[in-house]
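All remarks here apply to the structure that follows.
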Amino acid sequence: MSTLSVPAVPQEGSLSQYFTEAWKFPMLEAEEEFMLAQRWREHGDIEAAHKLVTSHLRLVCKIATGYRGYGLPLADLISEGNIGLMKAVKKFEPERGFRLSTYAMWWVRAAITEFVLRSWSMVKMGTVAAQKKLFFSLRKVKSQLKIIDNGELTPQQTEQLSDAMNVSEDDVVMMNRRLSSRDVSLNAPVSDEETMEFQDTLVAESPSPEALLADSEELGERKLLLKKALETLPERERHILTERQMIEEPQTLEELGKHYGISRERIRQLEARAMEKVKAAVMHEMAEQAA
């Protein structure tokens, strides 16, 4: 799929031109979509795959805009979503009776979700399924309950959210703080007394050399911590976690289950347990360094 040519997502400036180009590609009728998918699967027809991808670029844009509240550039979200779309086209089986949009939606959301999670350090963001769910649902539930806060919830709001999401109040408070720390609009006023906005205080668009160096060192440190944590796992758990979370095209629970001769549910349990061990090992190592 790497030979496909799609409109480039601009990393700087307005995305309006990209949106205009994406919306120029016509949507496909079910019959045409089926024939194109068959041509791609049976004959490796790149032109057919290109039409399948470009006809769904607008879908990626719509999904990506739903993730704008996490402090990440929309251009990056769209780029990651496009990668998910191309994977979906590669694996799409039209004979199953589903439309590509229905199938691709999962791949696009998965690609964007993983990108968002990768962009938050393991210290800031838990990696178990429950934490992922809380990370992506808290904002929505707050909106549904009409809860507005400045990063700190009242006891009543915390209790409301805890009951609505069936999680502990401590988890609600911690996740809300993590999300709020990256959710400040550049158009927000610096203070109630001033008309100056936060964007007016920006000195330069690009990070300083000092910030880039610090980010690079932090990333290297996190990778080293993760490597050490993985080495503490039994071989089977390390393999399962690597195949499920750390490669470009993760294996399914069913595939790993067949490999080890155990059920999908058992693989899921081993993956979750490995995640917990890795997180605990990382936190322990950080505590040791801080001591």
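So here's what we get for this one:
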read-out: Pairs, first under 20 Å from residue 232 (Cβ atoms) in segment 260-277, second assigned to a helix (DSSP H, G or I) and charged (D, E, K, R), C-beta under 6 Å, six or more apart; value: 270/237; 271/244; 274/237
read-out: Some residue of segment 3-17 being farther than 30 Å from residue 133 by Cβ and touching a Leu at 6+ places or on another chain (Cβ under 8 Å); value: yes
read-out: Looking only at segment 228-251, and only at residues there that are among the acidic types (Asp, Glu) and at pLDDT 90 or above, the one that is farthest from residue 112 (Cα to Cα); value: 235
read-out: Output for segment 252-291, where each listed residue is at pLDDT below 85 and not in a helix (DSSP H, G or I); value: 291
read-out: Residue that is farthest from residue 107 (Cα to Cα), among those in segment 35-75 that are under 27 Å from the mean Cα position of the chain (by Cα) and not in a helix (DSSP H, G or I); value: 71
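Residues are listed down the side, and each one gets a yes or a no for (1) crowded, with 18+ Cβ neighbours inside 10 Å; (2) at pLDDT below 85:
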position	(1), (2)
23	no, no
26	no, no
29	no, no
41	yes, no
45	no, no
90	no, no
99	no, no
114	no, yes
118	no, yes
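The values are calculated or read from the model by the stated rules, or taken from the named source; none is laboratory data. What you see is a predicted model, and the numbers here were worked out from it, not measured in a lab. Because the Cβ atoms are built from the backbone with ideal geometry, glycine has one as well, and the counts that use them run over all protein chains shown.
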